[in-house]
Amino acid sequence: MERDEQLRSAAGYLEEASAGHGRLAYVAGEAGIGKTSYVAQVLADARGSARAVVGSCDGAATPAPLGPLVEMLPALPDHVWPPGATRQDVFARLVAVLRDPPGRRPYLLVVEDAHWADEATLNLVRHVARRIHDCHALVLVTYRPEDSAANGLRLLLGETASAVGTRRIDLPALTPSAVEALAAHHAAARPGLAAVDADRLYEVTGGNAFFVTEALSADTDEVPETVRDAVLARVARLAAPARRALEVVALAGTHPRVELVAELLADGLDAIDEPVRRGLLRQVDGDVTFRHELARLAVLGEVPVGRGVHLHRRLLAALESRGADPAVLAHHADGARLADAVLRHAPVAAVRAGELGAHREAVRQYRRALEYADRLADPARAELHWSMGYECYLTERIEEAIVHTREALDIWEASGETVRVGDAWRCLSRLSWFAGRGEDAERQADVAIDLLDGSPSVELAMAYSNRAQLRMLASDLAGTRTWGHTTLEVLAGSRRGRAGTRCASTP
């Protein structure tokens, strides 16, 4: 209801995309306002005239890097993401496909729920937004304005607002007359129950489409105070197997596959028939999903702790056998409270996230692993802290980076790892400079050089380079030249490198 203007806008943008003037439209609306329903109608209207491809960001776990693109791959040409391709190469290949689609029939790409997007996905949207104007494609990116600051989306919106092909579509709340029409329609379909007070319904829901329909679906003439109450009232009327099925789907994520759900349900897929029939769940392209994320969260909040742990363990086992993304496995391992599984999956997920440029997600995965790090031997624990420090540095968490780098340093110092200790002091020097503690940075630079001096290595070269950087930042031209030449001399004599030299190496 009340979306004609927005649908005309999308149709116009798609027509422009057909002529080679691509558009990327941000579809903005609060939770429950009807973004998914709107996009579904756009896709239905474009059927036959465009190649529709949909990918969703996952709010149920630490996002997997480029998760929406991974979902899209089966509907895209095989060469978009070949084995071993770098992130930038994948971005370029995708844009090339959008510029020259097979048969010149435009693509209609949808990225849903960008407020949950990982850092790499936001970078992909940024890349496409700056190049979409000469593509045969319309890209719709849905998001909640109220949640746009959490993951860097707000910055992306500002950076791409002036791009040639960027547009915005706002979805407002329903008007009082629309709410009244919905209430009247619902009353006509349920003879025997008193009509809902439409004015009160609008007052409570603010015209939010999901809140309105959930309140009406409660089958009472009393308007629930919250959407949670409305959802749980509907759930309470389900048979026990159906309620257990809802818990499984809620814990399995935003778009679990039918076969995964079937494996976990003692009563088989028949258990989801009632929730589907009552409109709590829906099946879309082999997925079982809640009609809205707010309903999933309402059910999730009611799952008993012990049952939640049990279900996470079953989900972990089922997904491990399927070779699921490490980020998803780490999420369920954490929910299952299985320390060994967390330590097996979270560092792998962190490394993958870092490689794809999703550094905030890498931090979250390393933080998850460090909660169980007391089970690790000292060398492995030191590497976790070191890697966490590096990712904190990349995400501008300087004080946290200092803490973790110092933890790694202390472990290496206790075990006599002189080179690693020296490199850690060099890293602390750079981090101290970023933290505004210049005297500490100078002192730590001296310690690093003293420890590494006499052993030609990349680490020693990095220590000299750090000293050159500090002199440059102090406007000491002679000192910068002296230490810069010394750095080059050490590098010329070195034939080895170490992963440990990566922290804070440039100003």
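The values are calculated or read from the model by the stated rules, or taken from the named source; none is laboratory data. In this text, all values refer to a predicted model and were calculated from it rather than measured experimentally. Every residue, glycine among them, receives a Cβ derived from its backbone with ideal geometry; neighbour counts consider all protein chains shown.
Taking residue 308 as the residue in question, decide whether it is outside the structural domain of residue 118 (by TED's automatic domain parsing), in a helix (DSSP H, G or I) and surrounded by fewer than 23 Cβ atoms within 10 Å (Cβ to Cβ).
Yes.
If you go through the stretch 351-388 one residue at a time, how many are part of a loop (DSSP other than H, G, I, E, B) and within 13 Å of residue 118 (Cα to Cα)?
3
Name the residue that is surrounded by the fewest Cβ atoms within 10 Å (Cβ to Cβ), counting only residues in the stretch 412-427 that are part of a helix (DSSP H, G or I) and out of contact with any Gly (no Cβ under 9 Å at 6 or more places or on another chain).
Restricting to residues being part of a helix (DSSP H, G or I) and out of contact with any Gly (no Cβ under 9 Å at 6 or more places or on another chain), the top hit is 414.
Is one or more of the residues making up the stretch 264-284 buried (at least 23 other Cβ atoms within 10 Å of the Cβ), modelled with pLDDT under 90 and of a type in the set (A, V, I, L, M)?
yes
Within the group 254, 205, 160, 226, which residue is modelled with pLDDT under 85 and in contact with a Lys or Arg (Cβ under 9 Å, 6 or more places away or on another chain)?
254
State all residues of the stretch 28-70 that are crowded, with 17+ Cβ neighbours inside 10 Å, under 20 Å from residue 120 (Cα atoms), in contact (Cβ under 8 Å) with a residue 60 or more places away in the chain and out of contact with any Asp or Glu (no Cβ under 6 Å at 6 or more places or on another chain); if no residue qualifies, say none.
58, 60, 61, 66
I'm trying to understand the selection: among the residues of the stretch 455-488, which are assigned to a helix (DSSP H, G or I), polar (S, T, N, Q) and buried (at least 20 other Cβ atoms within 10 Å of the Cβ)?
Scanning the stretch 455-488 gives 465, 466, 469, 487.
Could you go through the stretch 314-337 and let me know if any residue there is over 18 Å from the mean Cα position of the chain (by Cα) and either among the β-branched types (Val, Ile, Thr) or over 30 Å from residue 262 (Cβ atoms) (or both).
no
Across the stretch 173-199, which residue is nearest to residue 31 (Cα to Cα) among those that are touching a residue at least 60 places away in the same chain (Cβ under 8 Å) and surrounded by 14 or more Cβ atoms within 10 Å (Cβ to Cβ)?
Result: 173.
Got a number for residues in the stretch 305-331 being under 30 Å from residue 214 (Cβ atoms), touching an Asp or Glu at 6+ places or on another chain (Cβ under 9 Å) and without any contact (Cβ under 8 Å) to a residue 40 or more places away in the chain?
0
Would you check if there is a residue in the stretch 171-180 being of a type in the set (Asp, Glu), within 22 Å of residue 5 (Cβ to Cβ) and touching a strand residue (DSSP E or B) at 6+ places or on another chain (Cβ under 9 Å)?
no
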